[in-house]
Number of protein chains: 2
Amino acid sequence: MPTVRDWEALDRIKRASVGQLLIKGARLMQERFLARINRQGPKVTLRRAHTSLLPHIDQHGTRLTELARRLGITKQAAGQLVSDLESMALLERVDDPRDGRAKLVRFTKRGLESIHDGLSVLRQIESELEAVLGKTKMRQLHEALLVVVDELSRPEP
Amino acid sequence: MPTVRDWEALDRIKRASVGQLLIKGARLMQERFLARINRQGPKVTLRRAHTSLLPHIDQHGTRLTELARRLGITKQAAGQLVSDLESMALLERVDDPRDGRAKLVRFTKRGLESIHDGLSVLRQIESELEAVLGKTKMRQLHEALLVVVDELSRPEP
DNA sequence: ACTAAATGGTCAAGGACGATTTACTAAACG
DNA sequence: CGTTTAGTAAATCGTCCTTGACCATTTAGT
């Protein structure tokens, strides 16, 4: 039977939970990022799935299957995302010289410029965070997040 | 024209970006949480939208309209989530004695027990993080995230 | 070399989720 | 009263992803 004491405990946990703060912070970060990107120009409309694809495009291009593998989705799903970004002229498919079946997905000139713009928006937001956190705590946050991502990336026990 | 130097810069930024680490960490956290919750019993299947609703249910019940407002969605959308959770016997709708039109959404006994279970899963994951981070860095992470959430919660400049 | 299996990719259909719009009932408020 | 507020109902939508079928090419087995 739930008591008032139980509820106070729940409240304390909710406020104290690193996990919940992490999730909330990430959501806010993503919203702010997409809002600024899509505000500063009617060029294209990036969606969440696109932004999770883009970081996996390598300098010399990446195969669709490899992208799908890295994202943990089917190659059809990855193909759809690539097609979207292709129609925005951010990505292009070129034949892979080492395999006649394969194509390499890579940035267009414009896509690369857009990525640079995007990263500068990200840096801007991060510098706003650093302004309130301070340099030291920002560095600590960065280090801690590296460890967190590393730990959570390993398979479940 | 993109150069190799540009690419190296991009790579450095990607690895260094607090924003991207935050988003990735949150995604991994949520995945691990839902996986464990849904693994330790075939009782119910919680989805992401449900877990974002639950923390807003107050001790004495919360009105649907208020839930919708807090979540930033329409009351119909909130109503649907509540209906889902109701059919899992985690929530119930009761008449609000202070307003004949209104109903209060509140936890059932079972729902509250499940919440406790859920929070203990969360604490478990967090303790695993603390095991690799160390107590001090875990505390620093917590404090930094509080500031980050606070800063990102304020309206856009 | 020749065929069989594996691999890279595309097309089409559609499902799950998380919402929205529009329309409605019932109660409260003033 | 008439207007506002709480909630429900039904249809639909956008996003993101899957399944299934298929073609072209490479790789392996014998």
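The values are calculated or read from the model by the stated rules, or taken from the named source; none is laboratory data. Model, not experiment: these values are computed from the prediction. Quick reminder, even Gly has a Cβ in these numbers, built from the backbone with ideal geometry, and neighbours come from all protein chains shown. Remember, those area values only see protein heavy atoms, side chains included, never the ligands or the DNA or RNA. Shrake-Rupley method; radii C 1.70, N 1.55, O 1.52, S 1.80 Å.
Would a scan of region B:19-31 turn up a residue that is at the interface with another protein chain (Cβ under 9 Å from one of its Cβ atoms), open to solvent by less than 70 Å² (accessible area, probe 1.4 Å) and within 12 Å of DNA strand C (Cβ to nearest atom)? Show your work before the answer.
Our first condition is that a residue be at the interface with another protein chain (Cβ under 9 Å from one of its Cβ atoms); within region B:19-31, this holds for B:19-31.
Then drop every residue that is not open to solvent by less than 70 Å² (accessible area, probe 1.4 Å), which leaves B:19-23, B:25-26, B:28-30.
So of that shortlist, the ones also within 12 Å of DNA strand C (Cβ to nearest atom) come out as B:30.
Yes, region B:19-31 contains a residue that is at the interface with another protein chain (Cβ under 9 Å from one of its Cβ atoms), open to solvent by less than 70 Å² (accessible area, probe 1.4 Å) and within 12 Å of DNA strand C (Cβ to nearest atom).
So which residues in region A:79-97 are assigned to a loop (DSSP other than H, G, I, E, B) and within 10 Å of DNA strand C (Cβ to nearest atom)? Can you show your working first?
Filtering region A:79-97 for residues assigned to a loop (DSSP other than H, G, I, E, B) gives A:88-90, A:96-97.
Once the filter is applied, which keeps residues that are assigned to a loop (DSSP other than H, G, I, E, B) and within 10 Å of DNA strand C (Cβ to nearest atom), region A:79-97 yields only A:96.
All but one of (1) farther than 19 Å from residue A:114 by Cβ; (2) without any contact (Cβ under 8 Å) to a residue 40 or more places away in the chain; (3) of a type in the set (A, V, I, L, M) hold for residue A:64, so report the exception by its number.
Residue A:64 satisfies all of (1) farther than 19 Å from residue A:114 by Cβ; (2) without any contact (Cβ under 8 Å) to a residue 40 or more places away in the chain; (3) of a type in the set (A, V, I, L, M) except (2).
Inspect region A:89-112 for any residue being facing chain B (nearest Cβ under 8 Å) and of a type outside the set (D, E, K, R) and give the result as yes or no.
yes
Could you say whether any residue in region B:68-82 is in contact (Cβ under 8 Å) with a residue 24 or more places away in the chain and of a type outside the set (Val, Ile, Thr)?
Yes, region B:68-82 contains at least one residue that is in contact (Cβ under 8 Å) with a residue 24 or more places away in the chain and of a type outside the set (Val, Ile, Thr).
Mind checking which residues of region B:52-76 are in contact with a Gly (Cβ under 9 Å, 6 or more places away or on another chain) and either acidic (Asp, Glu) or open to solvent by 40 Å² or more (accessible area, probe 1.4 Å) (or both)?
Once the filter is applied, which keeps residues that are in contact with a Gly (Cβ under 9 Å, 6 or more places away or on another chain) and either acidic (Asp, Glu) or open to solvent by 40 Å² or more (accessible area, probe 1.4 Å) (or both), region B:52-76 yields only B:64.
When residues of region B:122-157 are filtered for being facing chain A (nearest Cβ under 7 Å), of a type in the set (D, E, K, R) and surrounded by fewer than 12 Cβ atoms within 10 Å (Cβ to Cβ), how many remain?
Within region B:122-157, residues that are facing chain A (nearest Cβ under 7 Å), of a type in the set (D, E, K, R) and surrounded by fewer than 12 Cβ atoms within 10 Å (Cβ to Cβ) number 1.
Can we say residue A:86 is at the interface with chain B (Cβ under 9 Å from one of its Cβ atoms) and either open to solvent by less than 80 Å² (accessible area, probe 1.4 Å) or touching a strand residue (DSSP E or B) at 6+ places or on another chain (Cβ under 6 Å) (or both)?
no
So, in region A:52-78, of the ones that are within 11 Å of chain B (Cβ to nearest Cβ) and assigned to a loop (DSSP other than H, G, I, E, B), which residue ends up nearest to residue A:153 (Cα to Cα)?
The extreme case among them is A:72.
Any chance region B:89-105 includes a residue that's closer than 20 Å to residue B:153 by Cα and either modelled with pLDDT under 90 or open to solvent by 60 Å² or more (accessible area, probe 1.4 Å) (or both)?
no
Which of the residues spanning region A:33-51 are at the interface with chain B (Cβ under 10 Å from one of its Cβ atoms), away from DNA strand C (no atom under 16 Å from the Cβ) and either surrounded by fewer than 18 Cβ atoms within 10 Å (Cβ to Cβ) or modelled with pLDDT of 90 or more (or both)?
A:36, A:39, A:51
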